[in-house]
1. Compute the longest continuous run of the chain that contains no exposed trypsin sites (Lys or Arg not before Pro); treat a site as exposed when its DSSP state is not H, G, I, E or B and it has at most 16 other Cβ atoms within 10 Å.
2. Roughly to the nearest percent, how much of the accessible area of the chain is carbon and sulfur, given a 1.4 Å probe?
3. In nm, to one decimal, how far is the residue 353 label point from the residue 186 one, both placed 7 Å along Cα→Cβ?
4. Using the basic label-point model (7 angstrom from Cα toward the beta carbon), what is the residue 387 to residue 243 distance in nanometres?
5. What is the extension gain from residue 179 to residue 291, computed as 0.36 nm multiplied by their sequence separation minus the C-alpha to C-alpha distance, in nm to one decimal?
6. For the range 79-223, what is the largest minus smallest coordinate of the Cα atoms on each principal axis, given in angstrom and ordered from greatest to least?
7. Calculate for the chain the 222 nm mean residue ellipticity that helices alone would give, adding -39,500 (n - 2.57) per DSSP H run of length 4 or more and normalising by residue count, nearest 500 deg cm²/dmol.
8. Simple spin-label model, 7 Å along Cα-to-Cβ: residue 48 to residue 298 in nm?
Amino acid sequence: MKRNSAVTASTLALMGLGFALGACEYVVVAILPDIAAGLGADLGAAGKLVSVFAAGYAIGTPVVTAATGRAPRFRLLMTLLGLFIAVNAVSMLAPGLGVLYVSRALAAVLTGTLTAVAFLFVQEVTPPEHTAKAIAMVYTGMSLATVVGNPLNKTLSAVFSWRAPFAVILVAGVILLPVLARVLPHTGAVEGAQTGFARQFTVLRDPRYSLCVLMTICCYAATYVVYTYVTPILTDVLGVGETLISPLLMAVGVCCMCSNLLAGWLGSRGDVKRTPAVLALQTALFLAMPLLLGSRWTGLPAVFAMCLLMYLLSTPVQYHASTLAETEHPYAVSLCASTLSVAGNIGIALGSFASSGLQEVLGLRALGFPAAGFALAALALNLALAAALRKKPRKGSHAAEM
């Protein structure tokens, strides 16, 4: 049941949860050298913490989300958040890299599942005409973690130790627990979720869903081929001085946050039927990027444009997948709520892995070419998805997609 009186408080609380989840996801990137030094490990071994988190997120989230699909939604959120607090406490107190590997893998699964449950609540507490904007607000909370959280984490780590940022995430979870308990409806099990574990994955047989997943993977892979090396691109390719790196990275984060806000507007205009234009722009930008990176005057705008396009598919994809599940595949509604976060992380891992080898062969400037290949694949998949929707429109979608 949609409860208009609780929309503002609930959405803001869920946005706060998004910030905490984003801070947990991105924390290691900001303080990686400090973790390595603090635990007496080499940088390469500490860097595997990023891979461990991505793998845990991509593999564990759909499994746990499907397995907990029958659980009462409110109780599930409270339990997961309690475990999230405990796992971050373990990360904060980790005596060595081995314990940190395990705690980060568990944190990844909890982060992904909490994200899925949060989006189920967004749909419940928000009127249909405002759902897309509410989804975008949660994602804005996540991207805000990169704008504010990463610089803050770096400062805390430098002043105190690498353990301090984990303490902040822990405290944020402790604060959010009673707030969410107060403003969210005490919902029972998801309607239609009383089904077998394996059956939930049969939603992949619907091309309107599977094409959406593949499109999302390719879109995120395209961006992360280049975005993974955004700092060396700024310093080594564009010749930006060290004193300007932090302000520019903050500007990059602001562009990413604006991308999430624009995604809310795009989602409310007709979700995935309107996104081919975004992917066409993305393809064109990446094809031109090797040339644009030849000068700081064109290179910096190209990097900012990439970040503005970066998350434009987030709300349309999440809105499409969740609405498709709610109207036609209720047995998979919990699983579909994790679509964007899981597919996005698979794409991030794919793009980062591809660029790690390609940058040595092609150089940083030429990374736009393989990125354009992924973007073009995403565009083709989007057009195929649009054709599938014309052949079999999603129930209840006509008004929203006119």
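1. Numbers: sites that count: 2, 3, 70, 269, 395.
It works out to 71-268.
2. Working: 11270 of 15960 Å².
About 71 percent, which is the carbon plus sulfur part of the accessible surface.
3. 4.5
4. Here the modelled spin labels are 5.6 nm apart.
5. Details: separation 112, 0.36 × 112 = 40.32 nm, distance 4.99 nm.
Between residue 179 and residue 291, full extension yields 35.3 nm more.
6. 50, 39, 31
7. Values: 16 runs with 293 residues, N = 402.
Calculated mean residue ellipticity at 222 nm is -24500 deg cm²/dmol.
8. Label at residue 48, label at residue 298, 4.3 nm between them.
The values are calculated or read from the model by the stated rules, or taken from the named source; none is laboratory data. Please read these numbers as outputs of a predicted model, since none were measured by experiment. Note that we place each Cβ from the backbone using ideal geometry, even for glycine, and neighbour counts take in every protein chain shown. We work out accessible area using only protein heavy atoms, side chains counted, and drop any ligands, DNA or RNA first. Shrake-Rupley method; radii C 1.70, N 1.55, O 1.52, S 1.80 Å.
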